[in-house]
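Notes to accompany the following structure.
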Amino acid sequence: MKYNVDKDGMYGRFGGAYIPEMLYPNIEKLGQVYLEIIESEEFQKEYKMLLKDYVGRPSPLYKAKRLSEKYNTNIYLKREDLNHTGAHKINNTVGQILIAKAMGKTRIIAETGAGQHGVATATACALMDLKCIVYMGDTDIKRQAPNVARMKMLGAEVIPAMSGNKTLKDATNEALRDWIANPEDTFYLIGSVVGPHPYPDMVTRLQAIISEEIKEQVMEKTGRDYPDYLIACVGGGSNAAGTYYHFLDDERVGLIAVEASGMGVDSGETAATIAIGDEGIIHGSKTFLMQTDDGQIVEPYSISAGLDYPGIGPLHAHLKDTGRAEFLSATDKEALDAAMELTRTEGIIPALESAHALAALKMKTFKPEDVVVVTLSGRGDKDMETYMQYFMPHPILPKGEG
Amino acid sequence: MNRINELLNRKDNILSIYFTAGYPELNDTVSILQSLEAAGTDLVEIGIPFSDPLADGPTIQASSQKALENGMSLKVLFEQLKDVREKVSIPIILMGYFNTVSKYGIDNFLSSCEAVGVDGTILPDLPFKEFNEKYADTFGERGVSNIFLITPQTDDERIKLIDSHSTGFIYMVSSAAVTGAKRDVSEKQVRYFERVNTFNLSHPTLIGFGIRNHDTFKNACRYSNGAIVGSAFIKMLEEEGNNKEKIESFINSIRTA
Ligand SMILES: Cc1ncc(COP(=O)(O)O)c(C=O)c1O
């Protein structure tokens, strides 16, 4: 358990709860009850039922044959894109909504980047008949329009965040401000393994179903009880945390995290936190973040709204610090090309976020016998406009390359 | 004796003003301090601008943004405050988010505070527990008071605990809100103020958040040793600029009906 959170909410020297006193009672209370609730029979029964019958789990582990041939190894895709609402985010929201209900909260707030977490939260709220408010950066509202429409149809109120670059960081600030102003009836349903303790651990546990299933499915498909590599994209890091969780202490498994480097790591237009960030505090957590010499948070950039974040969950900061995980980054272009590659070799259009994980296949050399699991965190429906803009100006769409 | 304690021992109905360093113009910091002192302000809190001020409402957010664009940073601020004690004698508190201070380095920060004559800090997102375990001693050695917040949601036991670890005063946040919220004093608030008063705390309290005119100031003083005005003062600066007369009439309008 050396990579897990300790009793003070720390992952090594990262994590903790750097929050103003206004949030202290809520965070303290949540910290006291979340494990008890998650481990209760009642929660487990309902959570498992929802994952199975509502989310559609287990999500398949699909052997991508043509992609495997291309890279001369064995590539398996963990199909979180097939979940209800189209991404891994729903695993977390159905769990947290049950926690919110157990705590007697009646008003749910959330931040969202790509809109996937917003949709997953609005969905869980519709299911449980709870009031839902989603903060979303104004830039993201424009680039993820289909998800904004979905949230509205689901009955959520979408409030634009107008500060900074108007992206995920700014939406998170607004959600925290809302929680400060509404401490009694409101539950803040965070969408990634970020924020003050206990959020990083709580969200990790709710996403851990991904690696629980991978473990069984790898056994079923290969006869081995572990893969050689697990690859996931990292914004805040929730699909990666879920993908790694049950293998954290199994050092036979190589953990690969892929950040979004935007226009390039050194371009000044990037979201590759591990690559260019250093230690500091963002959204209540001590972790790596992109900041100036004066400690001001730097505005990130990525074509992918879900990865466009200047921090990273404290678990990942610790995995970096200890060398347990390898951190790579993919540019906008590398991700877009990887998305087209998967589409044309396997007939799967991935989310732009997930395309960053796929881009790592080109950066590593695998052995023919390796078992490589890539978590396909979401589907590309929401990104069609971006894909069309990038690929349509070309006179001829690239032919299948496999 | 520390200037904050000296003031608190001597005076009631304390008026404290918060403003953002480097706003409206980069080099306004010291002249605003001087105007505030001349107008009869008892205490000042200088905000260290931060890119992501999550406990602040739109007014202070905008002033921070402008101050950063103007080129403000902790380095620049300490440079500006270098000779401040030749010009200003009221207590000065620096208020800011922990990331800017920890990036500057806690030891460096305290040395600079001591060197220029800063008397206290308010670092809302530095946890109470971590401060006590890691930093309380060094702050004490440097003679810098770190002020803690309590809110309507803080339970009785924690209020007493915070009191027992306080130096200077306790910052009583008036309601569940970010800075700048315009709420009138409610029944609920009064009950909270009265509840806190029944504890006979060993430290004075100042009420902040939503104090913006004579009425709200007077009301706050009924339940505490004084009050803190932030967003309303910044709004005035936004409209009038750094103007000595306007600052004086603003302070008068808070003090008297
Ligand atoms: C499909 C998809 N993948 C990945 C992410 C990034 O989040 P995380 O790093 O928490 O998995 C998002 C976030 O919106 C997403 O929608």
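The values are calculated or read from the model by the stated rules, or taken from the named source; none is laboratory data. Just so you know, these numbers come straight off a predicted model, no measurement behind them. Neighbour counts run over all protein chains shown; Cβ positions are idealised from the backbone, glycine included. Accessible surface areas use protein heavy atoms only, side chains included; no ligands, DNA or RNA. Shrake-Rupley method; radii C 1.70, N 1.55, O 1.52, S 1.80 Å.
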Exercise. Could you list, in sequence order, the residues of region B:41-63 that are more than 25 Å from residue B:115 (Cα to Cα) and either away from chain A (no Cβ under 14 Å) or small (Gly, Ala, Ser) (or both)?
Worked result: B:51, B:55, B:57, B:62, B:63
Exercise. If you go through region A:210-232 one residue at a time, do you hit one that is of a type in the set (Ser, Thr, Tyr), within 16 Å of the ligand (Cβ to nearest atom), at pLDDT 95 or above and closer than 20 Å to residue A:6 by Cβ?
Worked result: no
Seminar exercise, completed: Output for Cβ contacts, cut-off 8 Å, separation at least six or different chains, first residue in contact (Cβ under 8 Å) with a residue 40 or more places away in the chain in region B:80-97, second surrounded by fewer than 19 Cβ atoms within 10 Å (Cβ to Cβ) and assigned to a loop (DSSP other than H, G, I, E, B), reads B:81/B:117; B:84/B:117; B:91/B:2; B:92/B:117
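Just for region A:163-205: of the residues that are among the basic types (Lys, Arg) and open to solvent by 10 Å² or more (accessible area, probe 1.4 Å), which one is farthest from the other protein chains (Cβ to nearest Cβ)?
A:205
Find the residue count for region A:269-306, including only residues that are among the hydroxyl-bearing types (Ser, Thr, Tyr) and either closer than 20 Å to residue A:11 by Cβ or surrounded by fewer than 24 Cβ atoms within 10 Å (Cβ to Cβ) (or both).
5
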Exercise. Among the candidates A:84, A:88, which residue alone is within 16 Å of the ligand (Cβ to nearest atom) and surrounded by 23 or more Cβ atoms within 10 Å (Cβ to Cβ)?
Worked result: A:88
Exercise. Quick one: in region B:86-108, which of the residues that are open to solvent by 50 Å² or more (accessible area, probe 1.4 Å) and closer than 23 Å to residue B:229 by Cα is nearest to the other protein chains (Cβ to nearest Cβ)?
Worked result: B:87
Exercise. Quick one: is residue B:181 within 14 Å of another protein chain (Cβ to nearest Cβ) and either open to solvent by 10 Å² or more (accessible area, probe 1.4 Å) or farther than 18 Å from residue B:97 by Cα (or both)?
Worked result: yes
Exercise. Somewhere in region A:14-30, is a residue in a helix (DSSP H, G or I), over 20 Å from the mean Cα position of the chain (by Cα), away from chain B (no Cβ under 13 Å) and over 30 Å from residue A:341 (Cα atoms)?
Worked result: yes
Exercise. Within region A:55-81, can you find the residues that are open to solvent by 60 Å² or more (accessible area, probe 1.4 Å) and either outside any helix (DSSP H, G or I) or not assigned by TED's automatic domain parsing to the domain that holds residue A:375 (or both)?
Worked result: A:58, A:62, A:63, A:72
Seminar exercise, completed: The correct count of residues that are assigned to a helix (DSSP H, G or I) and either of a type in the set (S, T, N, Q) or under 23 Å from residue A:116 (Cβ atoms) (or both) in region A:170-193 is 10
Seminar exercise, completed: Counting only residues in region B:244-257 that are open to solvent by 20 Å² or more (accessible area, probe 1.4 Å) and either touching a residue at least 40 places away in the same chain (Cβ under 8 Å) or assigned to a loop (DSSP other than H, G, I, E, B) (or both), the one nearest to residue B:148 (Cα to Cα) is identified as B:255
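In region A:374-389, how many residues are surrounded by fewer than 24 Cβ atoms within 10 Å (Cβ to Cβ) and not in a strand (DSSP E or B)?
Residues that pass the stated criteria total 8.
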Exercise. Which of the residues belonging to region A:233-247 are within 16 Å of the ligand (Cβ to nearest atom) and either more than 14 Å from residue A:193 (Cα to Cα) or surrounded by 24 or more Cβ atoms within 10 Å (Cβ to Cβ) (or both)?
Worked result: A:233, A:234, A:235, A:236, A:237, A:238, A:239, A:240, A:241, A:242, A:243, A:244
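If I go through region A:233-250 residue by residue, how many of them are part of a loop (DSSP other than H, G, I, E, B) and without any contact (Cβ under 8 Å) to a residue 40 or more places away in the chain?
Residues flagged as part of a loop (DSSP other than H, G, I, E, B) and without any contact (Cβ under 8 Å) to a residue 40 or more places away in the chain within region A:233-250 amount to 1.
If I ask for residues that are among the basic types (Lys, Arg) and either within 18 Å of residue B:46 (Cβ to Cβ) or surrounded by 21 or more Cβ atoms within 10 Å (Cβ to Cβ) (or both), which ones from region B:217-243 would you list?
Initially, region B:217-243 is screened for residues among the basic types (Lys, Arg), giving B:218, B:222, B:235.
Hit for region B:217-243 is B:235, nothing else.
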